[in-house]
Ligand code: URA
């Protein structure tokens, strides 16, 4: 990942001497990816979005944000009456038309990718790419070997739709806790798959998309831009050039 000192990057981008860039940073006039940074020696991504005194110095064509969605938010850009996952970052990125690349149920938590890159979102969601998504799930009863077997063969939902084979790993310390790996995205898929076995989902948290792990440092409602290697992983998983 190409990182560079903030004062050097600001000096380059604003055409300032390094001392002038440092003054602006110490005065709190420089934001990196929407957040004020007052440390001239802070290492930042070379492609970070920089602003000086509220004016953008550099504009990336697209933004890719990893968000840890808390329960209660809709996976949508806007909603007339209810809060959405994009509301978490709207003030920070007022010039971006962000949307979630894939949905989590309102009561689910974890990794949502927000972006304004339509082609990447489309490719990530395209059924033919089978992009892997990993979920930590808590059930209202212990998971069974029958479920593991059924998931691996492909569960047939109550409406007759057959799901692709999915991974199911039971936590040996607590069999109500499981890890589910999906390669498709069907409405309420995990809840409906467990429903076939008479099990209910108490909590569902997405922890990875396309090999990119949710950053545990974010916490509920936290967000950060993807790093360059993370974006390359996602693009690869979506069958796009890196
Ligand atoms: N499956 C579900 O049932 N809900 C989600 O939010 C994601 C996958």
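No lab work stands behind these numbers, since they all come straight from the coordinates. It should be emphasised that the depicted structure is a prediction, and the values quoted were computed from it without experimental measurement. Ideal geometry is used to build each Cβ from the backbone, glycine not excepted, and the neighbour counts take in all protein chains shown.
Would you kindly identify the strands (runs of 3 or more DSSP E) lying entirely within segment 34-107 that contain at least 1 residues that are surrounded by fewer than 15 Cβ atoms within 10 Å (Cβ to Cβ)?
Values: elements: 43-45, 50-52, 64-69.
Those strands (runs of 3 or more DSSP E) span 43-45.
In this structure, does residue 165 turn out to be outside any strand (DSSP E or B), over 30 Å from residue 92 (Cα atoms), in contact (Cβ under 8 Å) with a residue 24 or more places away in the chain and away from the ligand (no atom under 14 Å from the Cβ)? Explain how you work it out, then say what you get.
Numbers: outside any strand (DSSP E or B): yes; over 30 Å from residue 92 (Cα atoms): yes; in contact (Cβ under 8 Å) with a residue 24 or more places away in the chain: no; away from the ligand (no atom under 14 Å from the Cβ): yes.
Taking the combined requirement at face value, the residue does not satisfy it.
Mind listing whichever residues of segment 102-129 are within 16 Å of residue 183 (Cβ to Cβ) and in contact with a helix residue (DSSP H, G or I) (Cβ under 9 Å, 6 or more places away or on another chain)?
102, 123, 124, 129
Taking the condition surrounded by 13 or more Cβ atoms within 10 Å (Cβ to Cβ), over 22 Å from the mean Cα position of the chain (by Cα) and closer than 28 Å to residue 216 by Cα, does residue 139 pass? Break it down into steps so the answer makes sense when it comes.
Values: surrounded by 13 or more Cβ atoms within 10 Å (Cβ to Cβ): yes; over 22 Å from the mean Cα position of the chain (by Cα): yes; closer than 28 Å to residue 216 by Cα: yes.
Against the criterion (surrounded by 13 or more Cβ atoms within 10 Å (Cβ to Cβ), over 22 Å from the mean Cα position of the chain (by Cα) and closer than 28 Å to residue 216 by Cα), residue 139 qualifies.
Among the numbered criteria (1) in a loop (DSSP other than H, G, I, E, B); (2) within 16 Å of the ligand (Cβ to nearest atom); (3) surrounded by fewer than 21 Cβ atoms within 10 Å (Cβ to Cβ), which single criterion is violated by residue 131?
Among (1) in a loop (DSSP other than H, G, I, E, B); (2) within 16 Å of the ligand (Cβ to nearest atom); (3) surrounded by fewer than 21 Cβ atoms within 10 Å (Cβ to Cβ), residue 131 violates only (3).
Any idea how many residues of segment 108-120 are surrounded by fewer than 18 Cβ atoms within 10 Å (Cβ to Cβ) and either within 16 Å of the ligand (Cβ to nearest atom) or in contact (Cβ under 8 Å) with a residue 60 or more places away in the chain (or both)?
1
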